[in-house]
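Below: the structure, in structure tokens.
Since every read-out is calculated from the coordinates, none of them should be taken as a lab result. Bear in mind the structure is a predicted one, so any value in this text is a computation, not a measurement. Positions of Cβ are backbone-derived with ideal geometry, glycine not excepted, and every protein chain shown enters the neighbour counts.
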Amino acid sequence: MTGVSAAIYGLSGTTLSAGERAFFREARPWGFILFKRNVKDSKQLTVLARELREAIGRDAPILIDQEGGRVQRMGPPHWRKYPPAQAYLEAVGGNVEAAARLVELGHRLMAADLKAVGVNVDCAPVLDTPVDGAHDIIGDRAFAREPGAVARLGKAAAQGLMAGGVLPVIKHIPGHGRAMSDSHHELPEVKLDLVSLDAWDFAPFKALNDLPAAMTAHVVFKAADAERPATTSHDTLEIIRERLGFDGLLMTDDLSMKALKGPMQERARRALTAGCDVVLHCNGDLHEMRAVAEGAADLSGRSAERAAAALACATAEPEPFDAAAAAAELAAVLKGRFEARAGPAVGEAP
């Protein structure tokens with residue numbers, strides 16, 4: 001087989017097993033994604049990133065969810081602790097422009113952490129806008145509770161990542177903030193009309209529709225499709241492309257989440273047929289990954305063009321940056337929500 005598969009896979013541990021190596025060589029995924037189970041320290045992670053790329057003979061993108069707060073796969077003692085997204089705005093008393101500076105600095109530092117170990121895609125920023133009564137799966141992962149502020153701070157986060165040569169992936173398009181359940185465990189449904197969704201849930205994604213990559217929401221938007229979640233709904237994905245104006249790389253959220261039903265092969269096939277460019281499978285289960293591979297087509301046409309444009313961001317050289325000054329500024333304002341350095345100083349007991 002030739003070409004690249006429209007898939008991204010996880011792996012089971014901190015090293016690449018012989019079975020995983022053989023599967024990746026044959027499956028030819030577009031990229032890989034890492035979780036805490038894959039992360040030990042900087043030396044191990046650097047080696048793992050290199051071995052993943054060597055397994056498929058290509059400088060493939062390597063993704064991670066590094067948002068800060070409760071979603072931080074690389075953390076202390078080897079990397080800095082970053083705050084949850086909502087902490088930036090809280091720290092400056094609701095001043096959006098002051099928060100935007102902090103957000104950009106924080107994400108520029110995150111990019112430096114990632115790039116140093118060979119990770120070049122961050123599944124962030126979250127552009128979901130929570131509403132009262134929604135499930136806390138988004139919660140403090142949101143920058144604000146008003147779409148204009150979410151868009152402004154999300155833009156700052158994306159700018160910080162891209163300045164560091166890391167591709168941002170906005171999520172969860174077209175919006176997870178109104179969901180009353182956690183899509184890791186069940187399928188949420190949103191019954192609001194499109195005009196209202198457009199003014200609130202969709203607004204941050206429309207404002208940042210020129211960014212290069214996005215991750216779908218496993219959420220049913222009844223006004224677009226009464227039965228299928230955005231990930232596998234042609235009608236909802238058409239709204240993302242046309243109404244929201246997003247023409248970047250569109251990847252699924254994790255296919256192994258319980259919001260989706262059916263065999264993994266069918267989940268992958270349905271998502272790609274509906275209009276996603278790439279499918280994402282995260283749990284590292286080799287049996288499931290083989291099934292996903294059966295349903296994943298080769299990356300081609302407009303999807304391949306979008307993937308190439310996104311990858312250009314992930315392989316860019318970082319812009320000059322004073323990391324020490326940025327860390328000091330963040331530490332002074334965030335007061336305990338951010339650690340200015342990772343681990344103990346040289347000669348200091350851990």
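Mean residue ellipticity, 222 nm, helices only, the chain: the sum of -39500 (n - 2.57) across DSSP H runs of n ≥ 4, divided by residue count and rounded to 500, is -12000 deg cm²/dmol.
Ranking Ser12, Ser233, Ser196, Ser303 by Cβ neighbours within 10 Å, fewest first, what do you get? Mind dumping the intermediate values first?
Working: Ser12 16, Ser233 24, Ser196 12, Ser303 20.
Fewest-to-most ranking of Ser12, Ser233, Ser196, Ser303: Ser196, Ser12, Ser303, Ser233.
Using only side-chain charges placed at the Cβ, +1 for Lys and Arg and -1 for Asp and Glu, the dipole size of the chain relative to its Cα centre rounds to 600 debye.
Dipole of the range 1-112, Cα-centred, from +1 at each Lys and Arg C-beta and -1 at each Asp and Glu C-beta, to the nearest 20 debye?
Working: 16 positive and 11 negative charges, 65 e Å.
Value, rounded to 20: 320 debye.
For the chain, the residue among Thr231, Gln159, Ile8 whose Cα projects farthest onto the positive side of the dipole built from Cβ charges is Ile8.
GNM on the chain, alpha-carbon springs under 10 angstrom: the most fluctuating residue among Ala274, Ala203, Ala328 is Ala328.
Computed about the Cα centre, the dipole magnitude for the range 104-194 is approximately 400 debye when only Lys and Arg (+1) and Asp and Glu (-1) carry charge, each at its Cβ.
When the chain is treated as a GNM with alpha-carbon contacts under 10 Å, the residue of Val119, Val47, Val166 showing the greatest mean-square fluctuation is Val47. Among beta bridges identified by DSSP and lying wholly in the chain, the antiparallel ones come to about 15 percent. Measuring between their Cα centroids, the range 262-276 and the range 84-108 lie 37 Å from each other. Start at zero, step by 5 Å, and the Cα-Cα distances of the range 108-224 spread as 2, 13, 22, 22, 18, 12, 7, 3, 1 percent across the bins. A straight chain from Glu186 to Thr14 at 0.36 nm per residue would run longer than the Cα-Cα distance by 59.0 nm.
With the simple spin-label model, which puts each label point 7 Å out from Cα in the Cβ direction, the Ala98 to Asp210 separation comes to 2.9 nm.
Full extension of the segment from Glu242 to Ala342, taken as 0.36 nm per residue of separation minus the current Cα-Cα distance, would add 31.7 nm. Projecting the Cα atoms of Leu105, Val117, Ala60 onto the charge dipole of the range 59-178, computed from C-beta unit charges around the Cα centre, puts Val117 farthest toward the positive end. With a Cα cut-off of under 23 Å and a minimum spacing of 8 residues unless on different chains, the lysine pairs in the chain number 28.
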